[in-house]
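Peer 1: The structure is given below, and queries will be raised subsequently.
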Amino acid sequence: MSKHTDSHRGEREEVGHSLDEPSSGTGLGADGRRTPPGTFQSASTSHCQGIEIDGLRHEYVDQYSGEIVLAIDDLNLQMPACEFLTIVGPSGCGKSTMLNIVGGLVKPTKGTITVDENPVHGPGRDRGMVFQEFAILPWRTVESNIGHPLEIMGVDKAERRERVGDLIRLVNLEGFERKYPHELSGGMKQRVAVARALAQDPAVLLMDEPFAAVDAQTRITLQEELLQIADRTRKSVLFITHSVDEAVLLGHRVAVVSRRPGRVKATVDIPFALGDRSVELLVKDERYRELRDEVLDLVRAEVDS
Ligand SMILES: Nc1ncnc2c1ncn2[C@@H]1O[C@H](COP(=O)(O)OP(=O)(O)OP(=O)(O)O)[C@@H](O)[C@H]1O
Ligand SMILES: [Mg+2]
């Protein structure tokens, strides 16, 4: 059942609408409210882009002992434009290192990354990052946090207000515009971080365990919201998680990374349209369960060996 990318766009289209055509489905909020479709359109102009990782290797040098830690070796991955790709693998196998290299925050020892065929040499507006820690500014309100990247980009006040309003609706934070981070729940803070990353209108969203720090129920809500957001905004998403369930629920495809030094051991296609997915479906659908077991076996083999 493990397959590589080329067949996968065709499969996706068999089971639902094409990824190039955002569904007209609506987004579910934390309180069950639905977001009107298309609210993000005025804020999103970039088209999703593909990522290619070729022969990636990364060595860290321990600053005390001088010992070299080989985190990643010969990691190759092709991610087509508009794909939601989830990455699972044992702790310490180099997932965050890989994401930071794609984000341009870490320079690899060897190998190349291209986004839409342009080599990555550092951070860029084409890649928005969301981390596990809530990376938002404590002294700014929700709307000011979300508008911050737009300020940096020099977007004028009127347009900023409109785009921030769109983003606030998209991540279901209406009514919280003037609140400060300390007045928000963990799930709300992470919504602000997602909206901030989307504000720069990136072609690719890079997410490193973004929902790991929230409670189980909030996590489900955020996962389902993210599915709707990815479906409607046409972003490519590279999403790292420890959870096999989360990887299978969210990804068009799951890439399993080997134990350190990390390389992509296998990829598994999850042929369900994003807009049609829910945690309920994952639990009930036999095909979903089989795919989850397949990914689980691949990950377990790395942890146990
Ligand atoms: N700045 C650093 N200096 C030295 N070694 C590092 C550094 N960052 C990471 N490492 C090492 O590189 C390896 C890969 O780390 P990385 O954080 O990429 O793993 P990971 O797969 O994201 O793990 P987790 O699932 O626990 O988040 C680990 O052995 C880690 O100890
Ligand atoms: Mg990590």
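Each value in this text was obtained by applying a stated rule to the coordinates, not by laboratory testing. What you are looking at is a predicted structure, and each value in this text was computed from that prediction instead of being measured. Here the Cβ is made from the backbone with ideal geometry for all residues, glycine too, and neighbour counts use every protein chain on show.
Peer 1: Roughly how many debye, to the nearest 20, is the charge dipole of the stretch 216-305 about its Cα centre, given +1 on each Lys and Arg Cβ, -1 on each Asp and Glu Cβ, and no other charges?
Peer 2: Roughly 460 debye, rounded to the nearest 20.
Peer 1: Sticking with this one: Loop only by DSSP, 10 or fewer other Cβ within 10 Å of the Cβ. Give me the chymotrypsin sites (Phe, Trp or Tyr not before Pro) in the stretch 124-212 that pass, ordered by residue number.
Peer 2: Listed in order of number, the matching sites are Trp139.
Peer 1: If you don't mind, there's one more thing I want to ask. Taking Lys107 as the anchor, which lysines have their alpha carbon closer than 16 Å to its alpha carbon, excluding any fewer than eight residues away along the same chain?
Peer 2: Cα-Cα hits under 16 Å: Lys95.
Peer 1: Looking at Ala247, Ala193, Pro261, which one has the Cα that reaches farthest to the positive end of the dipole of the stretch 110-262 (charges on Cβ: Lys, Arg +1; Asp, Glu -1)?
Peer 2: Of the listed residues, the answer is Pro261.
Peer 1: Could you give the length gained by full extension between Arg300 and Glu59, i.e. 0.36 nm per residue of separation minus their alpha carbon distance, to one decimal place?
Peer 2: That pair, Arg300 and Glu59, stretches by 84.3 nm at full extension.
Peer 1: Still on this structure, I have one more. Provide the FRET efficiency to the nearest 0.05 for the Arg161-Ser243 pair, computing r from the beta carbons and using R0 = 35 Å.
Peer 2: FRET efficiency, Arg161 to Ser243: 0.40.
Peer 1: A follow-up question, please. Considering only DSSP states other than H, G, I, E and B, which GluC sites (Glu not before Pro) in the stretch 73-150 qualify as loop sites with at most 12 other Cβ atoms within 10 Å?
Peer 2: Glu117
Peer 1: Which lysines, on any chain, are close to Lys157 with Cα under 22 Å apart, when same-chain ones fewer than 8 places away are left out?
Peer 2: By straight Cα distance, Lys157 reaches Lys179.
Peer 1: Spelling out what I want: for every residue of the stretch 270-279, take phi, set θ = phi - 60°, compute 6.51 cos²θ - 1.76 cosθ + 1.60 (Karplus), and round to whole Hz; glycine and proline get x.
Peer 2: 10, x, 10, 5, 4, x, 9, 8, 7, 5
Peer 1: Find the relative contact order for the stretch 55-152 and round it to a whole percent, using C-alpha pairs within less than 8 Å whose residues are 6+ positions apart.
Peer 2: So the answer I get is 23 percent.
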